[in-house]
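A.B. asks: Quick one: structure below, then a few questions.
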Amino acid sequence: MKGIIVKALSGFYYVAVSGKTYECKARGNFRKSGVSPLVGDRVEIELTGENSGIVDRVYDRKNCLSRPPVANIDKLFIVSSYTSPKVNTLIIDKMTVIAEHNGVEPIIVFNKCDMGSFLKWQRIYENAGFKTYTVSAESGEGFSELEAELKDSVSAFTGNSGVGKSSILNRILGQEIISTGEVSEKLGRGRHTTRHTELYELPFGGFVADTPGFSALELDAFDYELKEDLENCFKDFKEFKENCKFSSCTHTKEKGCAVLEAVERGKIEETRHSSYLAFFEEMKDLKPWEANKRKK
């Protein structure tokens, strides 16, 4: 039987197959091969009881994240809110870079549209080539479009605590499955309420993850592959960087840089380039041997 791992807890893997979930253990040969099943893995199981089984095989992954440990994510929905906390373009751009680097489609969601207009930020990200959605978890505004985007995909939500990720998911799922936390007035962010990675099956097809790890996604400044891939993670640079005067252009200060010219002409949003400069500065001095040493 083929299914998808929707939860991993205390050595057990919970595998969804055609609407039913089986509690499974993994065969010992996975440990020998160095393969550890992850939430999101497409697997084959052998039944050992009415509701139990053994994970026999893990199919090839399209992508894999280590923090949080999850595989085969199709879309990453990056959530911001109008206030408490307010929109932070640097954080959004950081999440888009992580998604692009891992072969996941980033999608921007602005929650709490009942509190004010997101048009300024929508323009920034639509001009940069991203899909954007404005919703209200309170009123349900914009949810039909968001659900259509989620349909038949394996997705995850990320963003600062307090932006309403769990509230959005509870409305989509139709019940209070995921705990929500109050926003701290002092910190401007919510208390973490989700404790482990779990995929929830959507009523209209597909799965969505809720996990504290996605709230804490960070750039790994010691990832040399990410450093080398950074400019490619800004897809709005693509049509311009090919016209740079020098093939080794870093798009930071060089004369003849087509990306910088595009920023000056308003073809690339200033906030996007500012984020790129911040990430470039953070990673610019990393050498391959330093990255390898850090990983050991």
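The values are calculated or read from the model by the stated rules, or taken from the named source; none is laboratory data. Note that this is a predicted model, so its numbers are computed, not measured. Cβ placement follows ideal geometry from the backbone for every residue including glycine, while neighbour counts extend to all protein chains displayed. SASA here: full protein model, heavy atoms, side chains in, ligands and nucleic acids out. Shrake-Rupley method; radii C 1.70, N 1.55, O 1.52, S 1.80 Å.
A.B. asks: In the chain, if the dipole is taken from +1 on Lys/Arg beta carbons and -1 on Asp/Glu beta carbons about the Cα centre, which of 91, 129, 24 is farthest to the positive end?
C.D. replies: It is 24.
A.B. asks: What is the distance, in nm, between label points placed 7 Å from the Cα along the Cα-to-Cβ direction at residue 282 and at residue 145?
C.D. replies: Simple spin-label model gives 3.0 nm for this pair.
A.B. asks: Provide the per-residue ³J(HN,Hα) series for segment 11-24, in order, calculated from phi with Karplus coefficients 6.51, -1.76, 1.60 and θ = phi - 60°, each as a whole number of Hz, with x at glycine and proline positions.
C.D. replies: Going residue by residue, I get x, 9, 10, 9, 10, 8, 9, 6, x, 10, 10, 10, 8, 10 Hz, with x marking Gly and Pro.
A.B. asks: Quick one: Debye curve from the alpha-carbon atoms of segment 1-52 only, equal weights, vacuum; give me log10 I(q)/I(0) at q = 0.17, 0.21 Å⁻¹ to two decimals.
C.D. replies: Normalising to I(0) and taking log10 leaves -0.46, -0.70.
A.B. asks: Filter 25/165; 94/284; 86/238; 131/287; 62/227 down to the pairs with a C-alpha to C-alpha distance above 27 Å, please.
C.D. replies: Values: 25/165 31 Å; 94/284 16 Å; 86/238 29 Å; 131/287 35 Å; 62/227 21 Å.
Result: 25/165; 86/238; 131/287 exceed 27 Å.
A.B. asks: In what sequence, highest mean first, do 99-108, 46-55 appear when ranked by Cβ atoms within 10 angstrom? Mind showing how you got there, number by number?
C.D. replies: Details: 99-108: 19.9, 46-55: 13.6.
Highest mean packing first, the order is 99-108, 46-55.
A.B. asks: If you don't mind, another one. When the dipole is taken about the Cα centre of segment 1-124, and only Lys, Arg (+1) and Asp, Glu (-1) are charged at their Cβ, what size is it in debye, to the nearest 20? Let's see the in-between values first.
C.D. replies: Working: 18 positive and 12 negative charges, 57 e Å.
So the dipole magnitude of segment 1-124 works out to roughly 280 debye.
A.B. asks: What accessible area per residue comes out for the chain, rounded to a whole number of Å², with a 1.4 Å probe?
C.D. replies: Values: 15360 Å² over 296 residues.
Counting only protein heavy atoms, the per-residue value for the chain is 52 Å².
A.B. asks: Leaving out ligands, DNA and RNA, what percent of the accessible area of the chain is carbon and sulfur, probe 1.4 Å?
C.D. replies: Details: 6980 of 15360 Å².
The value for the chain is 45 percent carbon and sulfur by accessible area.
A.B. asks: Related question: If Lys and Arg each add +1 and Asp and Glu each add -1, what is the summed charge of the other residues whose beta carbon sits under 15 Å from the beta carbon of residue 103? Don't jump to the answer; show the numbers that get you there.
C.D. replies: Working: positive: 61, 62, 75, 235; negative: 60, 74, 100, 105, 223, 225, 229.
My count for the surroundings of residue 103 gives -3.
A.B. asks: Ranked highest first by the average count of other Cβ atoms within 10 Å around their residues, in what order do 9-17, 87-95 fall? Please list the in-between numbers first.
C.D. replies: Working: 9-17: 15.3, 87-95: 19.0.
Highest mean packing first, the order is 87-95, 9-17.
A.B. asks: What percent antiparallel are the DSSP beta bridges of the chain, to the nearest 5? Before the final figure, lay out each step's value.
C.D. replies: Working: 27 of 50 bridges.
Beta bridges within the chain, antiparallel portion: roughly 55 percent.
A.B. asks: At a 4.7 angstrom Cβ threshold, list every cysteine in the chain that has nobody to pair with, or say none.
C.D. replies: Here 24, 64, 113, 233, 257 come out as lacking a disulfide-compatible partner, given the Cβ-Cβ threshold of under 4.7 Å.
A.B. asks: Something else about it: Treating the beta-carbon of each Lys and Arg as +1 and of each Asp and Glu as -1, no other charges, what is the dipole magnitude of the chain about its Cα centre, to the nearest 20 debye? Before the final figure, lay out the partial values.
C.D. replies: Details: 42 positive and 44 negative charges, 162 e Å.
Computed charge dipole of the chain: roughly 780 debye.
A.B. asks: Order 140-147, 68-75 from most to least packed using the mean count of other Cβ atoms within 10 Å. Present the calculation step by step, with values, prior to reporting the outcome.
C.D. replies: Working: 140-147: 14.2, 68-75: 20.6.
Top to bottom by mean Cβ count within 10 Å: 68-75, 140-147.
A.B. asks: Just the C-alpha atoms of the chain: what Rg/Rh do they give, with Rh taken as the Kirkwood radius? Present the calculation step by step, with values, prior to reporting the outcome.
C.D. replies: On the way: Rg = 20.7 Å, Rh = 20.7 Å.
When Rh is taken as the Kirkwood radius, the ratio is 1.00.
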